[in-house]
1. Search segment 292-342 for residues being among the β-branched types (V, I, T) and touching a Phe, Trp or Tyr at 6+ places or on another chain (Cβ under 9 Å), and hand back the single one that is farthest from the ligand (Cβ to nearest atom).
2. Mind checking which pairs have a first residue in segment 224-236 that is of a type in the set (V, I, T) and a second that is open to solvent by less than 10 Å² (accessible area, probe 1.4 Å), Cβ under 9 Å, 6 or more apart or different chains?
3. Return the residues of segment 157-182 that are modelled with pLDDT of 95 or more, among the polar types (S, T, N, Q) and open to solvent by 40 Å² or more (accessible area, probe 1.4 Å); say none if nothing qualifies.
4. Test A281 against the criterion of being assigned to a helix (DSSP H, G or I) and away from the ligand (no atom under 12 Å from the Cβ), and give yes or no.
5. Could you grab me the full set of residues in segment 183-215 that are open to solvent by 10 Å² or more (accessible area, probe 1.4 Å) and aliphatic (A, V, I, L, M)?
6. Given T457, T396, which one is away from the ligand (no atom under 16 Å from the Cβ), open to solvent by 30 Å² or more (accessible area, probe 1.4 Å), modelled with pLDDT under 95 and hydroxyl-bearing (S, T, Y)?
7. Test T407 against the criterion of being within 16 Å of the ligand (Cβ to nearest atom), assigned to a helix (DSSP H, G or I), of a type in the set (S, T, Y) and in contact with a strand residue (DSSP E or B) (Cβ under 7 Å, 6 or more places away or on another chain), and give yes or no.
8. In this structure, is G587 open to solvent by less than 50 Å² (accessible area, probe 1.4 Å), on the phi > 0 side of the Ramachandran plot and either assigned to a loop (DSSP other than H, G, I, E, B) or among the charged types (D, E, K, R) (or both)?
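The values are calculated or read from the model by the stated rules, or taken from the named source; none is laboratory data. As the structure is a prediction and not an experimental result, all values here were calculated from the model. When we count neighbours, we look across all protein chains shown, and the Cβ atoms used for this are built from the backbone with ideal geometry, even at glycine. The accessibility values were calculated without ligands, DNA or RNA, using every heavy atom of the protein model including side chains. Shrake-Rupley method; radii C 1.70, N 1.55, O 1.52, S 1.80 Å.
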Amino acid sequence: MRRRVILLQRAAPFVLLLLLFSAAAAAQPVEYRVSFPSPEHHYAQVDVTWRGVPAGTLEARMSRSSPGRYAIHEFSKNVFDVHAFDGKGKELKASRPNPYQWNVAGHDDAVRITYKVFGNHVDGTYLAVDDSHAHMNMPATLMWARGFDMRPVRITFVPPANYAWKPATQLFPTNDPWTFTAPNLQYLMDSPTELSDYTLRSFKVRNPDGKEFTIYTAVHHDGDPSVIDDYAAGAEKIVNEAAAVFGEFPNFDTGTYTFLGDYVPWGGGDGMEHRNSTVVASAVSFKNPQAARSALGTLSHEFFHCWNVERIRPKTLEPFNFEEANISGELWLAEGFTQYYGPLIMARAGVTQANPARLVREAVAVINSPARQFRSAVEMSQMAPFSDAAVAIDETDLPITFVSYYTYGAAIAIALDLSLRDRSNGQLTLDDYMRAMWLAHGKPGGPGPAIIAKPYTLKDARDRLAEVSGNRRFADDFFDRYIEGRDLPDYTRLFARIGLVLRKRNAGGAWAGILDQQFGGGGRTRRGAAAPAAAPAGGVAIPNLVNWGTPAFNAELEEGDTITSLDGKAVGSLDDFQSVLRAHKPGDQIAVEFTRHGAAHRTTMTLAEDPTMEVVTLESTGGTLSADQKMMRDAWLASKQHR
Ligand SMILES: [Zn+2]
């Protein structure tokens, strides 16, 4: 694969014609040159040339979204000093039909655009340039042109003079260590690149058919290089355990997979999956070896994505649209199932100690979330453009009407895994379902890297469950009720099969639904308050939007109201509020005095029983696991590697 692409760059036009498309011109690569003349000022100098440009207007664009990110990010905001030229070097005027686009007319058969782009944000989405590295997410860095999506790309990076930087990327290598290729725009945009003096480690993995791949960890960090030996050893265990779920590694396009680690105190925290690499970043110092161990959690999640979402890909994300936000109703599966498997794989691999109650915590979060009355898992997924690193100036009610598709999807994965085990007495598991999705939708691949031939729909995901379970009615019921509907699976029964107990946290306790930090997601307010604040005139302010259906909601209390007295007793602190509750039973009606917009009000609140659930192991309640419970739990947590 690597060799063939190099050949394409040097092949005569008639060979290109045979290998690629109908017109010879269509194969002329788009050429980029990206340099960093003064990295301390946080900008890249980009030079891009399109050849074989059809007559008319060339529409050059900066992306508005990035693969794996679902909110709009206006990358064009950081582009400046733009110049356009024709093939003879004559400068042309670029017009701006919209904020993301530069139109170039009056050209010959080539257009060259040069620009600067600022970036100082280390994560999986943006560009970060400083004197320690250039960390490039391509949609934040590279301009592209409409109609050139299938053109091959040739890109050369120019490090600043006298810097000990090396490139790390999933782009295809050439004989020049600083020049790479991509077969098409989708692959280019999917290929984050790190230039720095990183620590490189590698290990080999092997598929059942004997094919070997090299896995790299290229880690930019501030610690001792020996820390990366442990990091890479952990990565190797995780990588092999993840492959055991699917039965094999994907056929990595370059024969390699690279973890692009960025762990610097001035960085940011993120993980972003790609086909043959991932960005894993955290604003930590690897001078502390514990930080390196903690970083493996993100790595485990992201590696699972090289099957789930990168190749087992929802049709809604294929191809990825760089001009709009991408809406997908399947993120509960793409992200949520990945969220479930990340820590489970680490436990199976022995990288972490298995904590059964913790491995199902997302299910408990969904059980406790009042938001699920408003949106199904599919509908939660479709909210990603407004929740995934999206910035709003106005207040939204997402804290009380939205539960993340990561959490919701993990809760569904837990229910489906345990349901399959329950129905088959441990013969079938979620691993079988993931393998079926892989064989039907991931493994078939596509006509080229980053082009998926068999992306799945919601119906496909349902049909695969019918096949794996051998029971269409079970699959339909599960999807209708728990994925497209808003019902909760019978977690009490499912947890019991592996010796976990779902119980009320505060059975019989009186509850108001406010000023209880343990409840629900504890949404942030527009003021960013984390805890109830004592109001200047006495009383305690409600810091968050009030959840629907709670006693406080029914009593017409809302965020910002200041409770001054409860059941006739003055309230000056959270403790005052909670001690009144403790003196009451569910069903009691108590008087509430509060102020709103400076005026005093009173209302009556009917207390309810605290509905908050928690999960604990049977052993921790003094019980003993039955032989069946022990067998089911051990099978769930055991390594799946046969070596
Ligand atoms: Zn993810």
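1. Here is the first cut: in segment 292-342, the ones among the β-branched types (V, I, T) are 298, 309, 312, 316, 327, 338.
Going one step further and asking which of them are touching a Phe, Trp or Tyr at 6+ places or on another chain (Cβ under 9 Å), we end up with 312, 327, 338.
Values: I312: 13, I327: 17, T338: 5 Å.
Looking at residues that are among the β-branched types (V, I, T) and touching a Phe, Trp or Tyr at 6+ places or on another chain (Cβ under 9 Å), I get I327.
2. V227/V219; V227/F286; V227/A292; I228/T217; I228/V219; I228/G261; I228/F286; I228/A292
3. Once the filter is applied, which keeps residues that are modelled with pLDDT of 95 or more, among the polar types (S, T, N, Q) and open to solvent by 40 Å² or more (accessible area, probe 1.4 Å), segment 157-182 yields only N175.
4. No; evaluated as a whole, the condition is false for this residue.
5. L185, L200
6. T396
7. Working: within 16 Å of the ligand (Cβ to nearest atom): yes; assigned to a helix (DSSP H, G or I): yes; of a type in the set (S, T, Y): yes; in contact with a strand residue (DSSP E or B) (Cβ under 7 Å, 6 or more places away or on another chain): no.
When the stated conditions are applied, T407 does not pass them.
8. Numbers: open to solvent by less than 50 Å² (accessible area, probe 1.4 Å): yes; on the phi > 0 side of the Ramachandran plot: yes; either assigned to a loop (DSSP other than H, G, I, E, B) or among the charged types (D, E, K, R) (or both): yes.
Criteria met by G587.
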